[in-house]
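What follows is a short report on a single structure.
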Amino acid sequence: MRRIALGLFVLLGLGSVIWASLALPSFWLTTPARSIGDRIVADERFRPGALDDMLARMRSVSQATILQPEFSQAEALISLRVAEQAAQRKSADNADSEIEVAESKLRTALATTPSASFLWLMLYSVKTARNGFDSLYMRSLEQSYVTGPFEGWIALRRNRLALATLSTLDEKVQRAVIAEFAAMVDASYIEVSVATIEGATSVQRDRLMASLTNVDIASRQALAKQLWRNGVKVDVPGVPPHDRSRP
């Protein structure tokens, strides 16, 4: 029995060493990579070469057997931003290769974290950018709303994309898109909201305006004034015409 116990102890020890050798490299990089990923979601900019350096370090350990979901998410986001930068400075073939890698990383990350709404949005954006609009891609956009209907920075990037294809979305998702716009106005994201209205059709504008009935009056007034300055003629609920031109 003592020999069996000793053998089990040795096996457990070896297992711990092997696990550590496989998992620790990605553990060490997960925290700084996740910080960069959060900054990408917030659409921040980075010094030249910073993302390439981090991505090279991540790829050197990404073949490990054990990867944390946060590591995969960050790698997908960094790969996508690097691909976007490559599209601006490299040949079309090289850029497309980078985007293909980024799409693969997004799928891998979503396989481990299917509740990541921003990753679903980015997958939709990548597929549309590579291949043009296809109704088959709408599931990715719809999943972004299903998994995260009201998420600050994500909404600022998602709402106009969704509005461009509003009529093709499921009715429940359409309501989520309209409600998201109202939440943006209520949170005083006025410039983004104005840009959304400017790019909307007349029918869409009517739906967007109707959603603002219960939004904070100060936010509605600010929106109406900015629209008036931009020459956009819409009726913002609860804001009389004479209030729109006041400084």
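Could you line up Ile178, Ile217, Ile190 from fewest to most neighbouring Cβ atoms inside 10 Å?
Arranged by neighbour count, lowest to highest, Ile178, Ile217, Ile190 become Ile217, Ile190, Ile178.
Residues in segment 160-177 near a label at Asn230, defined as backbone nitrogen under 14 Å from the 7 Å Cα→Cβ point?
Residues 160-161 qualify, since their backbone N sits under 14 Å from the label point.
What is the magnitude of the charge dipole of segment 150-247 about its Cα centre, with +1 placed on the Cβ of each Lys and Arg, -1 on the Cβ of each Asp and Glu, and no other charges, expressed in debye to the nearest 20?
Using Cβ point charges on Lys, Arg, Asp and Glu, segment 150-247 gives about 240 debye.
Restricting attention to segment 138-247, which trypsin sites (Lys or Arg not before Pro) occupy a DSSP loop and are surrounded by at most 10 other Cβ atoms within 10 Å?
Counting only loop positions with at most 10 other Cβ atoms within 10 Å, the trypsin sites (Lys or Arg not before Pro) in segment 138-247 are Lys233.
Relative to the present Cα-Cα distance, how much length would full extension add between Leu136 and Gln85 at 0.36 nm per residue of separation?
Answer, rounded to one decimal: 15.7 nm.
List the chymotrypsin sites (Phe, Trp or Tyr not before Pro) within segment 99-176 that DSSP assigns to loop and that have no more than 16 neighbouring Cβ atoms inside 10 Å.
Within segment 99-176, the qualifying chymotrypsin sites (Phe, Trp or Tyr not before Pro) (loop, at most 16 other Cβ atoms within 10 Å) are Phe133, Phe150.
How would you rank Asp53, Asp206, going from fewest to most other Cβ atoms within 10 Å of each one's own Cβ?
Asp53, Asp206
Any idea how far apart Thr201 and Asp96 come out in nm if each label point goes 7 Å out from Cα toward Cβ?
Once both label points are built, they end up 3.1 nm from each other.
Since every read-out is calculated from the coordinates, none of them should be taken as a lab result. As the structure is a computational prediction, the values presented were derived from the model and not from experiment. All Cβ positions, glycine included, derive from the backbone under ideal geometry; neighbour counts span all protein chains shown.
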